[in-house]
1. If a residue must be open to solvent by less than 70 Å² (accessible area, probe 1.4 Å) and either over 23 Å from residue 95 (Cα atoms) or of a type in the set (Asp, Glu) (or both), how many such residues does segment 43-61 contain?
2. Identify, please: which residue in segment 170-195 is touching a residue at least 12 places away in the same chain (Cβ under 8 Å) and open to solvent by 70 Å² or more (accessible area, probe 1.4 Å) and is, among those, farthest from residue 7 (Cα to Cα)?
3. Looking at segment 140-154, can you tell me whether even one residue there is touching a strand residue (DSSP E or B) at 6+ places or on another chain (Cβ under 9 Å), modelled with pLDDT of 95 or more and open to solvent by 40 Å² or more (accessible area, probe 1.4 Å)?
4. In segment 13-58, what residues are more than 16 Å from the ligand (Cβ to nearest atom), outside any helix (DSSP H, G or I) and not hydrophobic (A, V, I, L, M, F, W, C)?
5. Looking at residue 146, is it within 17 Å of the chain's Cα centre (by Cα) and either β-branched (Val, Ile, Thr) or near the ligand (Cβ under 9 Å from one of its atoms) (or both)?
6. Inside segment 62-84, can you point out the residues that are closer than 15 Å to residue 48 by Cα and either free of Cβ contacts under 8 Å to residues at least 12 places away in the same chain or surrounded by 11 or more Cβ atoms within 10 Å (Cβ to Cβ) (or both)?
7. Return the pair list, or none, for Cβ contacts closer than 6 Å from residues in segment 109-130 that are at negative phi and free of Cβ contacts under 8 Å to residues at least 60 places away in the same chain to residues that are within 15 Å of the ligand (Cβ to nearest atom) and assigned to a loop (DSSP other than H, G, I, E, B), at least 6 apart or on different chains.
8. Residues in segment 104-118: is at least one within 15 Å of the ligand (Cβ to nearest atom) and open to solvent by less than 80 Å² (accessible area, probe 1.4 Å)?
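The values are calculated or read from the model by the stated rules, or taken from the named source; none is laboratory data. Small disclaimer: the values here were computed from a predicted structure and weren't measured. Heads up, the Cβs are rebuilt from the backbone with ideal geometry, glycines too, and the neighbour counts pull from every protein chain shown. To get the accessible areas, we keep the full protein, side chains included, count just its heavy atoms, and leave off ligands, DNA and RNA. Shrake-Rupley method; radii C 1.70, N 1.55, O 1.52, S 1.80 Å.
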Amino acid sequence: MRKEALKIGITGGIGAGKTTICKVFACLGIPIYEADKEARWLMENDVTLINQIKQLFGTESYQDGKIAREWIAKRVFENRELLQQLNSLVHPAVGKHYLQWHQKQHLTPNRTPLLYTLDEAALMYESGNYQLLDAVILVTAPEQVRIQRVLQRDNHRTEADIKAIMQNQQPEEEKKQKAQFIIENNNQQLVLPQILQVHQQILELYKK
Ligand code: ATP
């Protein structure tokens, strides 16, 4: 039987460059699970999760089968405990869904051998989902670089909005202590050689 592929996380704060760097890993044949996108899908398609969210917020939280995103965002913005309760429902559901998706990748015909998959999530340590993984890659960049990138990418966000999001994310220094691999995406060091080096190190980990 073929050995199971490794489960590798890729995380980093807002604007660090996770999605950009994942595109390179995808070119190397690595399947990518986009946790934030999947979380949004699960909130409208996972019956257990939908019922749990309705229990927490009331039936107003869904309208015509669609989650009332702005209404919920307003409630959790005003009440941090409610945000934590919502996260304690969504994060485990996403973690479980990633594991199922990871298993399915072994069944998908793949031109290259499946040695690892990537779980891309902004909140990896905060959610606790890093515990499901064999190792985590941190993509990191200085705060000012990240703010400038997000201002350029998202017309609707102000610097204050971005800083508010950063407040809810673990400081970079703490994540650096925990991650097994670090990619500095700081506009100074070339990223491609770093990505290839991390890829090689993961292949070594797989062989162990
Ligand atoms: P979020 O958590 O908000 O989803 P992210 O970590 O996935 O952010 P990206 O969307 O990959 O970050 O990158 C943020 C912006 O910065 C994008 O517009 C991207 O094109 C740009 N960017 C990322 N890395 C680089 C780089 N090395 N050089 C130039 N632009 C970059």
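1. Within segment 43-61, residues that are open to solvent by less than 70 Å² (accessible area, probe 1.4 Å) and either over 23 Å from residue 95 (Cα atoms) or of a type in the set (Asp, Glu) (or both) number 3.
2. Among those that are touching a residue at least 12 places away in the same chain (Cβ under 8 Å) and open to solvent by 70 Å² or more (accessible area, probe 1.4 Å), it is 187.
3. No: segment 140-154 contains no residue that is touching a strand residue (DSSP E or B) at 6+ places or on another chain (Cβ under 9 Å), modelled with pLDDT of 95 or more and open to solvent by 40 Å² or more (accessible area, probe 1.4 Å).
4. Across segment 13-58, the qualifying residues are 29, 31, 46, 58.
5. Taking the combined requirement at face value, the residue satisfies it.
6. Of everything in segment 62-84, those that are closer than 15 Å to residue 48 by Cα and either free of Cβ contacts under 8 Å to residues at least 12 places away in the same chain or surrounded by 11 or more Cβ atoms within 10 Å (Cβ to Cβ) (or both) turn out to be 62, 67.
7. From residues that are at negative phi and free of Cβ contacts under 8 Å to residues at least 60 places away in the same chain, the pairs are 126/170.
8. yes
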